[in-house]
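Have a look at this one before I ask anything.
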Amino acid sequence: MHPTDISARARLLLDRLLRRLPPSWREKVFNYLILTRMDRPVGNLLLLWPTWWALWLAAEGFPSWHLWVVFTLGVLTMRAAGCAINDFADRELDHQVARTAQRPLASGQLAPWESLIVFGLLLGLAFVLVLFTNRLTIEMAWIGAALACIYPFTKRWTRLPQVVLGLAFGWAIPMVFAAVRGTVPPLAWLLLVANILWSVIYDTEYAMVDRDDDLKAGIRSTAILFASADVPILGALMLMLILVMVWIGQYAQLGWPYGIALLLGTGLFIQQIYLIRHRAPARCFAAFHQNKWWGMVIWLGIVLAFLTPTGHGI
């Protein structure tokens, strides 16, 4: 499957949904939806799964509906905000990369100031949501907002922007524990480390798709840093992540359902290595997309561990 196929189908669906709008509004709204990556829902899942891991682990079972709604909507809102500020930061670079050349800012369909307004509005909405938690969570939200602003610019001054991405994507994890327990225990930070490792893995696979264009444009990434050693390094990172997830399972006293989930997750990682072994862009993109299933499998393992009488506390 070509990297643009999934997006093309999503864009067609968005276009159908907007048909009832006046023509003068339709194109503008469509571009705002593309700016916030509503045509690429996989990014939402990559943020949601770790947040849900944290919610279930912090609550030691099903979390309160109140916090589930707050953090689910908060993650979706912050992901959209992050995409808007990312395109603002990359507006002079995206047109040099084939896959991103048609993004609204790169193609001139939206002005830079419009992306800043969208970012500000979404950031404000996310802040309103966090007001329904506690003081510690609100204080930590300021750090999350700063990370969302900083990440897009790290591609200019570090070869490890994926590490910053993992920190920005995963900051909801300590916030969840702060909201549920009123404190941030070691388990939260361990889970954040796991999310950083996972983000480096899937975003490196994603960056492998654009590596040639990124080199020409001067964009930095772990895919470029790892160079020809990318596949073995990713294999090593996957092994490290599995070991950290085992540690999390021991720390939280999760039992056999979680163990089965880790075995399935290991199988998915092996398949990803197989897909990227020749570094074909379409297969690297397919490996990246497979991570939405990896996150789901881990979440199901955590959920079942708390639902199964003999699956927790072993």
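The values are calculated or read from the model by the stated rules, or taken from the named source; none is laboratory data. Being a predicted model, the structure only gives us computed values, none of them experimental. Every residue, glycine among them, receives a Cβ derived from its backbone with ideal geometry; neighbour counts consider all protein chains shown. Only protein heavy atoms, including side chains, enter the accessible area calculation; ligands, DNA and RNA are left aside. Shrake-Rupley method; radii C 1.70, N 1.55, O 1.52, S 1.80 Å.
Test residue 139 against the criterion of being surrounded by fewer than 14 Cβ atoms within 10 Å (Cβ to Cβ), among the acidic types (Asp, Glu) and either in contact with a strand residue (DSSP E or B) (Cβ under 8 Å, 6 or more places away or on another chain) or modelled with pLDDT under 95 (or both), and give yes or no.
No; evaluated as a whole, the condition is false for this residue.
Please name all residue pairs, on different chains or six or more residues apart, with Cβ atoms under 9 Å, provided the first residue is in the stretch 250-269 and is more than 19 Å from residue 187 (Cβ to Cβ) and hydroxyl-bearing (Ser, Thr, Tyr) and the second residue is surrounded by 19 or more Cβ atoms within 10 Å (Cβ to Cβ) and modelled with pLDDT of 95 or more.
Filtered contacts from the stretch 250-269: 266/238.
Listed residues 184, 246; which is among the β-branched types (Val, Ile, Thr) and buried (at least 16 other Cβ atoms within 10 Å of the Cβ)?
Exactly one of 184, 246 is among the β-branched types (Val, Ile, Thr) and buried (at least 16 other Cβ atoms within 10 Å of the Cβ), namely 184.
Look at residue 311 and say whether it is modelled with pLDDT under 95 and in contact with a Pro (Cβ under 9 Å, 6 or more places away or on another chain).
yes
Still on this structure, I have one more. Taking the stretch 281-305 as the search range and keeping residues that are open to solvent by 40 Å² or more (accessible area, probe 1.4 Å) and more than 19 Å from the chain's Cα centre (by Cα), which one is nearest to residue 210 (Cα to Cα)?
Looking at residues that are open to solvent by 40 Å² or more (accessible area, probe 1.4 Å) and more than 19 Å from the chain's Cα centre (by Cα), I get 281.
Checking the conditions here, which among 73, 131, 125 is at pLDDT 95 or above, more than 20 Å from the chain's Cα centre (by Cα), open to solvent by 30 Å² or more (accessible area, probe 1.4 Å) and under 30 Å from residue 182 (Cβ atoms)?
When all the criteria are applied, what remains is 131.
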